Structure formats: structure tokens, C-alpha cells
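Asks: Quick one: the structure is below, and I'll ask about it shortly.
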Amino acid sequence: MTTFSPLSETALRRCFINASRSESAAITFPAGFTAPDLSTTPVFGWRDPKLPLRAYLIVEDPASGAPAGVLLRAPDTSAGRKRRVVCALCEDIHSEDDVLMYVARRAGSRGRNGDSVGTLIHADFGCSRNAVAEQPANALITDPEQAAAERLAALRRRAGMFLDRVRS
């Protein structure tokens, strides 16, 4: 696990693997935004306050250990029925938070040709919070701290797999 210094907005804009320079320049950060440390919060994201169907996901790139960003298209949630589904990143079955299908244009020429991938992610990007949250007691969890560390490691692995799908 890499230790990161706080990420600046400029550094975050540069880390997106599937966004053009103009798309990166147009990123709007939430009011009072501060980027968390990826060593303790391996996945974080936000919806663009000015463009509600645009979202951003930042994860630790397993290949380099550096932050990597993915520009996402968020679903229009104004219509349609909701179904309970499990987030593909944190796989938290206890969370009551909404999970949405986010779509990412692939990086490089495939993305420029319209190829994309989708995945289910918590609407509020609370995957890191969910991974370290205290889980209901059961016979399988004897050491809650170790269980949380294992959930964080699994979150990193699944986020890296999604990053690889966007990159490939």
C-alpha cells in the first residue's frame, strides 16, 4: 500500500484515464472538497455539482500505486423504479444506500469509438466507508479489525479490476 500526500485538484484532474483534457478541465469539485488519503480511503468519488449526469471515481491504480481517475456517466434517476442491488466494488450487503449503474467510456481509441463499460456503485460513493464500517456480529467474524482490513483489500482489488476494464 502506497502512502499518498494530499492530492491537489490539479493532480486529480491529471489522473483521469478516460477523459480528454477539456473534460478534465471542466471537472467541478464539490464545495469544500478535500481529497482523502488513498491509503485509508482507497475509493472515493462524487457527482459533478454542475453536470448531474457526470460523476468521478478515484482509485489507487494497482499497477503503479498512483491515483487513477475514471470519468463516469451517472444514470438519470428521475424516472423508473428502484431495485435493491449490491455494489460491485464494496459488495456491502448491509448498506441501505442506493446503488446505481455507472458507465465509463473506455480509455484510448476504444473509448473514442464509443466502447464503454458499466458497473454498480453506491450512489454516494461510500464504498470505503462501508468497507470499514462495523458489521453485525456473527460466528464468522472473530476479529472485527482484521475483517475490516480484508474488506478494504477486497475493495482495492475490485476497484483495480474495474480500472483495468476501463483501461483495456
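The values are calculated or read from the model by the stated rules, or taken from the named source; none is laboratory data. The shown structure was predicted, so the numbers you read here are calculated from the model rather than taken from an experiment. Counting neighbours? That spans all protein chains shown, and the Cβs are built from the backbone with ideal geometry, glycine included.
Asks: Output the residue which, of all residues in the stretch 26-58 that are of a type in the set (A, V, I, L, M) and over 20 Å from Val103 (Cα atoms), is surrounded by the most Cβ atoms within 10 Å (Cβ to Cβ).
Replies: Leu38
Asks: Checking the conditions here, which among Arg112, Arg158 is more than 18 Å from Val86 (Cα to Cα) and at pLDDT 80 or above?
Replies: That would be Arg112, the only listed residue that is more than 18 Å from Val86 (Cα to Cα) and at pLDDT 80 or above.
Asks: Of all the residues that make up the stretch 87-98, how many are in contact with an Asp or Glu (Cβ under 9 Å, 6 or more places away or on another chain) and either under 19 Å from Ile58 (Cβ atoms) or surrounded by fewer than 13 Cβ atoms within 10 Å (Cβ to Cβ) (or both)?
Replies: 2
Asks: Condition (residue is farther than 24 Å from Thr40 by Cα and at pLDDT below 85) applied to the stretch 87-108: is it met by at least one residue?
Replies: Taking every residue of the stretch 87-108 in turn, none turns out to be farther than 24 Å from Thr40 by Cα and at pLDDT below 85.
Asks: Another one. Quick check on my filter: what residues within the stretch 17-45 are polar (S, T, N, Q), within 21 Å of His122 (Cβ to Cβ) and out of contact with any Asp or Glu (no Cβ under 7 Å at 6 or more places or on another chain)?
Replies: If the condition is that a residue be polar (S, T, N, Q), within 21 Å of His122 (Cβ to Cβ) and out of contact with any Asp or Glu (no Cβ under 7 Å at 6 or more places or on another chain), then Asn18, Thr34, Ser39, Thr40, Thr41 are the ones that fit.
Asks: Just one of (1) under 15 Å from Leu163 (Cβ atoms); (2) small (Gly, Ala, Ser); (3) surrounded by 19 or more Cβ atoms within 10 Å (Cβ to Cβ) trips up Gly108, so point out which.
Replies: (3) is the only condition that Gly108 fails.
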